[in-house]
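Trainee: So that we are looking at the same thing, I have put the structure below in structure tokens.
The values are calculated or read from the model by the stated rules, or taken from the named source; none is laboratory data. Keep in mind the model is a prediction, meaning the values are calculated, not measured. Positions of Cβ are generated from backbone atoms using ideal geometry, with glycine treated the same way; all protein chains shown enter the neighbour counts.
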Amino acid sequence: MEIELVKTTSSVGESCLHLQLTPAYRRDIFVNEQVRELTKTYFLEKSKKLGIFISAMDVGPDHFHAFITNWKKYSVEKLVNELKGFTSYMMRKHHKPLFQGKLLGKKFWSEGYFYRTVGVVTSEAMQFYIEHSQKKHWKAVDYYHYKDKQQSLLSQFN
């Protein structure tokens, strides 16, 4: 995937962000396929309203990854609040029975999040980054060590 430069009346540039969100209490709510797919759908719906582009999404049993481009007009905090707030509201309002036994009260997401701004990347590097971020993000993984090894394609996760 090639990241295109975004042009406005006063600037030209790129803005790429890797975002990881965790459900409240780090519960494994995403083992349920419906919860996974509905969360992705609402995430995409809100991103379209915000005018940002989700280049890739992946879900582990207890966390959610997104690679976001064209988000420059938002602070990371504002962007995360918008995405988490909308997905939480929609999931709790319309689909609470799917995860009711795992989450308590009005929470869907935990308070925190992980983010990393990312420069120009190839589709291979982006795919590697998202797939290997399934491990704890504080455990470093060397891209060049895995470069020639067989990997699943990111398109298999859509």
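Trainee: Which residues, taken from the stretch 33-53, are outside any helix (DSSP H, G or I) and either surrounded by fewer than 16 Cβ atoms within 10 Å (Cβ to Cβ) or under 10 Å from the mean Cα position of the chain (by Cα) (or both)? Step through it out loud before you land on a result.
Mentor: Here is the first cut: in the stretch 33-53, the ones outside any helix (DSSP H, G or I) are 51-53.
Gly51, the sole residue that qualifies.
Trainee: Can you tell me which of (1) hydrophobic (A, V, I, L, M, F, W, C); (2) in a helix (DSSP H, G or I); (3) farther than 17 Å from Trp109 by Cβ is the one Ala56 doesn't meet?
Mentor: (2)
Trainee: Identify, from the list Ile29, Ile52, the residue that is under 18 Å from Thr117 (Cα atoms) and in contact with a strand residue (DSSP E or B) (Cβ under 8 Å, 6 or more places away or on another chain).
Mentor: On the way: Ile29 fails: under 18 Å from Thr117 (Cα atoms).
When all the criteria are applied, what remains is Ile52.
Trainee: Now for a different question. Output the residues belonging to the stretch 67-111 that are assigned to a loop (DSSP other than H, G, I, E, B) and surrounded by fewer than 12 Cβ atoms within 10 Å (Cβ to Cβ). Spell out the reasoning first.
Mentor: So in the stretch 67-111, the residues assigned to a loop (DSSP other than H, G, I, E, B) come out as 70-75, 99-108.
Those that are assigned to a loop (DSSP other than H, G, I, E, B) and surrounded by fewer than 12 Cβ atoms within 10 Å (Cβ to Cβ): Ser75, Gln100, Gly101, Leu104, Gly105, Lys106.
Trainee: Please count how many residues of the stretch 1-32 are of a type in the set (A, V, I, L, M, F, W, C), assigned to a strand (DSSP E or B), at pLDDT 90 or above and surrounded by fewer than 19 Cβ atoms within 10 Å (Cβ to Cβ).
Mentor: Adding up the residues that qualify gives 0.
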